[in-house]
Amino acid sequence: MIKSKGLFTTEGMTSSDRSLHTPGDFARQNLLYVQEVGRLKSLKPHKCIREKLESYLFIVVLRGRGKLVVNEHSYDLHAGDCALVDCWEHYEHISDENDGWELAWVHYYGNTARSFYELFRKGNGGSSVFRVEDTERWNQLIGQLLQLQGDRSMLAELRCGELLLQLQYRILQNLSDCGTLADEQEKQRVSSIREWLNEHYVETDFRESLRQDFPQEFEEMDRSFAQYYGIRIEEYVANRRLNAAKELLRFSIKPMAEVAAESGIGDEAAMRRMFREKEGMSAEEYRQKWAQWIR
């Protein structure tokens, strides 16, 4: 970790409080981790240009305004605007000449960062920018990350990972609250689809029945469902069937064929394949390990 003021080429152009961080092996392999975090106040317009960095950059504009360019997309940012940028792409940002901005930001990475970023971009209509009502909540979270950089302990790494997960959760929550992920009518529709699936998942031809009760192309329903719940309809049904089979295996003495039929999986062969794929063991082994009545 390096904490510095005035060690960068932007001296005289920005007033900043930032920390650079190199994660330990455990954090690098298992957690989201901080690469750089800080706050700055622009004293003069200064363009920052970067690309091909294995990093994701979150920015919240606390005061003032400026411009962000990601590849060919240009965004005018004002107080209350946030951005999440894939730093492998070409990006630039510059403070406004007459109303210099104050920012809080964090560069972070980790083995789930890309998947979240793709989920964010999809939910945000492909844009890198979104707006929040209360910038102080986000500023405080950045402040917590900044404060933790003075501690090299494993607990500090875990706490940073937790805060970065909280950051990601807030981003998606904000998109949902603002109606970006789906409007209220759409939310209600996909919620109704989920409730329907919970009641009809055992049906062999559930897709056809679903289309009859929800007059819409299955592909369109599937996209909306995945956008809201993060899982495709058929995968959701498969998981629901698997959970039903687990319950029957654990809390009943029904034969395998009955478990496969009642859970909606179909037959024993299909159930064995599913358990091997999802659980890494056969249905019989699962029952042996988990059943309440086996001692």
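The values are calculated or read from the model by the stated rules, or taken from the named source; none is laboratory data. Just so it is clear, the model here is predicted, and its values are computed rather than measured. FYI the Cβ positions are ideal-geometry reconstructions off the backbone, even for glycines, and counts take in every protein chain you see. Keep in mind that these areas ignore ligands, DNA and RNA; they rest on the heavy atoms of the full protein, side chains included. Shrake-Rupley method; radii C 1.70, N 1.55, O 1.52, S 1.80 Å.
Can you put 121, 65 in order of accessible area, largest first, using a 1.4 Å probe?
65, 121
Checking the a/c ratio against 1.5 first, then a/b against b/c, what shape does the Cα gyration tensor give for the range 81-141? Verdict is prolate for the range 81-141.
Using a probe of 1.4 Å on the protein chains alone, the accessible area found for residue 228 is around 90 Å².
About its Cα centre, how strong a charge dipole does the chain have in debye, to the nearest 20, once Lys and Arg get +1 and Asp and Glu get -1 at the Cβ? Spell out each step's value before the answer.
Values: 40 positive and 48 negative charges, 228 e Å.
Value, rounded to 20: 1100 debye.
Size descriptors for the chain: radius of gyration and Dmax over Cα atoms are 24.4, 76 Å.
Here the sum of -39500 (n - 2.57) over DSSP H runs of 4 or more residues, divided by the residues of the chain, equals -15000 deg cm²/dmol at 222 nm, to the nearest 500.
With the whole protein complex present, residue 254 retains an accessible surface near 70 Å², based on a 1.4 Å probe. Within the full protein context, the accessible area of residue 278 is estimated at about 90 Å² for a probe radius of 1.4 Å. On the chain, 46 percent of the accessible area sits on carbon and sulfur atoms, based on a 1.4 Å probe.
Cα-Cα over 19 Å: which of 41/67; 254/278; 254/289? Check vs 19 Å cut-off fails for 254/278. Candidate cross-link partners of residue 187 among the lysines, defined by an alpha-carbon separation under 26 Å and a same-chain spacing of 8 or more, comprise 122.
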